[in-house]
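Participant: The following block contains the structure, expressed as structure tokens.
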Amino acid sequence: MARIAVVPGDGIGNEVITEGLRVLHALAPDIETEHFDLGAERYLRDGTTMPADVMRRFGSEFSAVLLGALGDPRVPSNVHAKDILLGSRFELDLFINFRPCKLLDARYCPLKDRAESDIDFVVFRENTEGLYTGVGGQFKRGTADEVAMEQEINTRKGVERIIRAAFAWARANGRRKVCMSDKANAMRHGHDLWQRVFRLVAAEYPDIAASHLYVDVLAMRLVQAPQDFDVIVTNNLFGDIITDLGAALQGGIGLAASGNLNPGKAALFEPVHGSAPDIAGQGIANPFATLLTVGMLLAYLGRPEQEVRLQRAVQTCLKAGRVTRELGGTLRTTEATDAVLAAL
């Protein structure tokens, strides 16, 4: 029996995760959940961010973690968010940040004259290396001579496994194209490694069309011709930026889901949006990103048919205008979830 760890998070995270659990229990009543008191409130209460024993339990006792948004203005450093989210990615070695970008209702796409079939790609973002490792330092901090350094880490192991994961997913899911994006023309050491490994792995997949774009060109092409993309694989920083562009193309971050994965191990699933403290507690947050994230979680647990059902239910509500204020509707958070449950 699958067990899910639940970390509601901060701000609207608590509200949307509650809605996500309503749908999860409706679709899969056999799945057990356990809540963990982690987030800004816990940090402000006793200074706890991520206990080592909890991290061990995540990796050994649970099939997945469902995480709400993190971030609270009362914790300006966001140290709790870093320890919980980035800590989980690094400690559990969740090297894949998997972000589907699928348009469910063309009315919500900011590009003119786009059909739903034009935007349906996924991004494999390397999740444990790059510029987000915190390697670097500051010298003569606070003086006129201050020097700050941030170092990018690229290992052969890390680059190869994310590229290989992208090709394997493409083949398994009937996708025909994989595009790798880097900035090797300006960052010739680390990104030359990406270029060489990409060519080697691509040769093992002759049935998949392999291509390369510098990240600035990729950003331009995603706006001009999103229909040209099936699977994109890139590094941590570029993936962070490109996936937010993808979220905008599919209708906004209120519809964007994500998973942090290492196949065969405990995964971490989270809606893309932030904690939105300005609207927390008002009951107007959009739960759809969380519901779509729950669908991804169910697919990861071997129940892909439930993800399809849930995605179609969300799409039905979008097309019927049964949405929250953020998307131009009138429904409150719980009412939007009620509409999805009714569609199911």
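Read the figures in this text as sums done on the coordinates, not as results from a lab. Keep in mind that what you see is a predicted model, and the values were worked out from it rather than measured. In this analysis, Cβ positions are derived from the backbone assuming ideal geometry, glycine residues included, and neighbour counts consider all displayed protein chains.
Participant: Taking the Cα centre of the range 142-283 as the origin, how large is its charge dipole in debye, to the nearest 20, when only Lys and Arg (+1) and Asp and Glu (-1) carry charge on their Cβ atoms?
Facilitator: Result for the range 142-283 is approximately 820 debye, rounded to the nearest 20.
Participant: Taking the chain as a Gaussian network, where each spring joins two C-alpha atoms under 10 Å apart, which residue of Gly246, Gly59, Gly134 fluctuates the most?
Facilitator: Of Gly246, Gly59, Gly134, the most mobile in the Gaussian network model is Gly134.
Participant: Right, next: Once you place label points 7 Å from the Cα toward the Cβ at Phe90 and Tyr214, how far apart are they in nm?
Facilitator: 3.1
Participant: As an exercise, identify the GluC sites (Glu not before Pro) in the range 255-344 lying in DSSP coil whose Cβ has no more than 10 other Cβ atoms within 10 Å.
Facilitator: Those that pass, being in a loop and sparsely packed, number zero.
Participant: Next question, about the same structure. If you take the charge dipole of the range 48-174 about its Cα centre, with +1 on Lys and Arg Cβ and -1 on Asp and Glu Cβ, which of Val135, Pro110, Phe121 is farthest toward its positive end?
Facilitator: Of Val135, Pro110, Phe121, it is Phe121.
Participant: Report the full-extension gain for the segment Ser60 to Ser77: residue separation times 0.36 nm, less the Cα-Cα distance, to one decimal in nm.
Facilitator: Length gained, Ser60 through Ser77: 3.1 nm.
Participant: Next question. Excluding Gln195 itself, what net charge comes from residues whose Cβ is under 10 Å from its Cβ, given Lys and Arg +1 and Asp and Glu -1?
Facilitator: Overall, the nearby charge balance is +1.
Participant: Stretch Arg176-Glu34 to full length: gain in nm at 0.36 nm per residue minus the Cα-Cα span?
Facilitator: Separation in residues times 0.36 nm, less the Cα-Cα distance, equals 47.2 nm.
Participant: With unit charges on the beta carbons (Lys and Arg positive, Asp and Glu negative) and the dipole taken about the Cα centre of the chain, which residue among Ser88, Gln315, Phe62 sits farthest to the positive side?
Facilitator: Towards the positive end, the residue furthest out is Gln315.
Participant: Exceeding 20 Å between C-alpha atoms, which entries from my cross-link table qualify? They are Lys157/Lys265; Lys82/Lys157; Lys102/Lys177; Lys82/Lys102.
Facilitator: Flagged as over cut-off: Lys82/Lys157; Lys82/Lys102.
Participant: Place a +1 charge on the Cβ of each Lys and Arg in the chain and a -1 charge on the Cβ of each Asp and Glu, then give the dipole magnitude about the Cα centre in debye, rounded to the nearest 20.
Facilitator: Roughly 720 debye, rounded to the nearest 20.
Participant: Could you let me know the centre-to-centre spacing of the range 48-97 and the range 177-233, using Cα atoms, in angstrom?
Facilitator: 30
Participant: Per DSSP helix of 4 or more residues, -39500 (n - 2.57); summed, then divided by the residues of the chain. What does that give at 222 nm, rounded to the nearest 500?
Facilitator: Taking each H run of at least 4 residues, the total per residue is -12000 deg cm²/dmol.
Participant: So which residue, out of Arg42, Arg22, Arg312, gets the largest mean-square fluctuation from a GNM of the chain using Cα contacts under 10 Å as springs?
Facilitator: Checking each option, the largest mean-square fluctuation is seen for Arg42.
Participant: Now, a different point. Please work out the Cα center distance from the range 14-46 to the range 234-287, rounded to the nearest Å.
Facilitator: Each part reduced to its Cα centre gives a spacing of 17 Å.
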